[in-house]
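Contents: one structure, followed by commentary.
The values are calculated or read from the model by the stated rules, or taken from the named source; none is laboratory data. Values in this document were obtained by computation on a predicted structure and should not be read as measured data. Here the Cβ positions follow ideal geometry from the backbone for every residue, glycine too, while neighbour counts run over all protein chains shown.
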Amino acid sequence: MKTVVAVALAVAAACVMGLTERAWAQPINWQVHTINPQQYWASGDTIKYAEEVGQLTNGRLKLTVYPSGALGFTGPDMLDTISKNLVQMGEVWGSHVAGQEQIMELFELPLFVPWDFNLMTRLWDELHDDYAKLLKARYNVRLLTIIQNEPRMLHTKRKVTTLADLKGLKIRAVGPVESTFTKNIGAVPVPVNWGELYTALSTGVVDGNWAADLAEFSMKFYESVKYTFDTHTAGIGFFIIASEDAIAGLPPDVRQTFLESVSRHRDRLRASMLNGTNLGRKLMVEKGQMQVVPVPDADRATMKRAAEPIISAWVTRLDPESRRIYEKAKAIIERN
């Protein structure tokens, strides 16, 4: 009798193991959100990353990338969407979620982060754990990496040679900080969704926009705007995050492979951003027939003064933990 029971238990255990193995053998499907089109470097690198993860896990984890916000969620939705595991992974831009989590807008503070690639990578690395702790505690998401776009320029339909030429121009701006800064330097900030900006530029809803050169080129905005006021301020920061629940639901070996691959994705993104800085300008001038106008020194000083009260007011609204992150970032920049 004992032998029969032992055999039955062994068979049952084998069946359970077989079911478990077959369940784990089924592809686990993740949705991955990116903001820019497929041809933009950040989306392109994410697609490469998805292919790499699929290969390394023998197809057990399938990341399907949806460029240009194709999943239908807007930028301000994404922090909550990934937190709730409705989408498993994606980009969250600081300016988009500033009303919800203010400290994620730090990289967009006007003229706060200088355009210096080595300094910027140091900022991303030294602030990573601080942001990771905050985001996990408040939203149950895993911070995979921080990255910034290329330098942010002011692209206009009409030639701007000094700040005085901005008076009355309607400029698409992102978030409260950039909108206030745009107003302070003489233009009229207008909120327009990224996906609607091509039409807004071509129909005159706006006279220009802030964007990196390569982003401007990839969206073909140069068909309407022909001038770049060379503001050359550090680009928008965005955070690549994943749902902690989604990560926890992975088989241990798949989870380990996924997490170990993050550093390669980070390094590709950084290399692409630096390359995109030079490539974007080249394409805009040669293919887009854009004319680049330098910012006079006096105007740059005026812009800096216009940014100072915005940053000061922004800092006063920070909660204690966020204020600590800001002060750490400021100290890194000041000792550069």
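I need a count of the residues in segment 213-251 that are in a strand (DSSP E or B) and touching a helix residue (DSSP H, G or I) at 6+ places or on another chain (Cβ under 6 Å).
Taking segment 213-251 as the starting set, the residues that turn out to be in a strand (DSSP E or B) are 227-233, 237-243.
Then keep just the ones that are touching a helix residue (DSSP H, G or I) at 6+ places or on another chain (Cβ under 6 Å); that gives 237, 241, 243.
Within segment 213-251, residues that are in a strand (DSSP E or B) and touching a helix residue (DSSP H, G or I) at 6+ places or on another chain (Cβ under 6 Å) number 3.
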* Hits in segment 313-336 (condition: touching a Ser or Thr at 6+ places or on another chain (Cβ under 9 Å) and of a type in the set (V, I, T)) -> none
* Structure fact -> Of the residues in segment 186-212, those that are surrounded by fewer than 18 Cβ atoms within 10 Å (Cβ to Cβ) and either assigned to a strand (DSSP E or B) or among the hydroxyl-bearing types (S, T, Y) (or both) come to V188, Y198, T199, S202, T203
* To do: Starting from segment 65-77, keep only residues that are closer than 14 Å to M89 by Cα, then list their pairs with residues that are among the β-branched types (V, I, T) and in a helix (DSSP H, G or I) whose Cβ atoms are within a distance under 7 Å, requiring at least 6 positions of separation or different chains.
  => V65/T46; V65/I47; F73/T81
* For segment 101-121, name all the residues that are farther than 17 Å from L318 by Cα, touching a residue at least 40 places away in the same chain (Cβ under 8 Å) and part of a helix (DSSP H, G or I). => F117, L119, M120, T121
* Would you confirm whether any residue within segment 284-303 is surrounded by 13 or more Cβ atoms within 10 Å (Cβ to Cβ), touching a residue at least 40 places away in the same chain (Cβ under 8 Å), under 21 Å from the mean Cα position of the chain (by Cα) and assigned to a helix (DSSP H, G or I)? => no
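So, restricting to strands (runs of 3 or more DSSP E) that lie completely within segment 122-180, which ones have at least 3 residues that are over 15 Å from the mean Cα position of the chain (by Cα)? Spell out how you get there, then give the answer.
Numbers: elements: 141-148, 152-156, 170-172.
Ranges flagged: 152-156, 170-172.
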* Output for segment 200-243, where each listed residue is touching a Lys or Arg at 6+ places or on another chain (Cβ under 9 Å), at pLDDT 95 or above and polar (S, T, N, Q) -> N209, S224, T228, S243
* Filter result for V262 (surrounded by 18 or more Cβ atoms within 10 Å (Cβ to Cβ), at pLDDT 95 or above and closer than 26 Å to Y139 by Cα) -> no
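Is it the case that R152 is among the basic types (K, R), at pLDDT below 95, buried (at least 19 other Cβ atoms within 10 Å of the Cβ) and in contact with a helix residue (DSSP H, G or I) (Cβ under 9 Å, 6 or more places away or on another chain)? Show your work before the answer.
Details: among the basic types (K, R): yes; at pLDDT below 95: yes; buried (at least 19 other Cβ atoms within 10 Å of the Cβ): yes; in contact with a helix residue (DSSP H, G or I) (Cβ under 9 Å, 6 or more places away or on another chain): yes.
The answer is yes for R152.
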* Scope segment 24-53; condition within 21 Å of I82 (Cα to Cα), more than 23 Å from the chain's Cα centre (by Cα) and outside any loop (DSSP other than H, G, I, E, B); matching residues -> I28
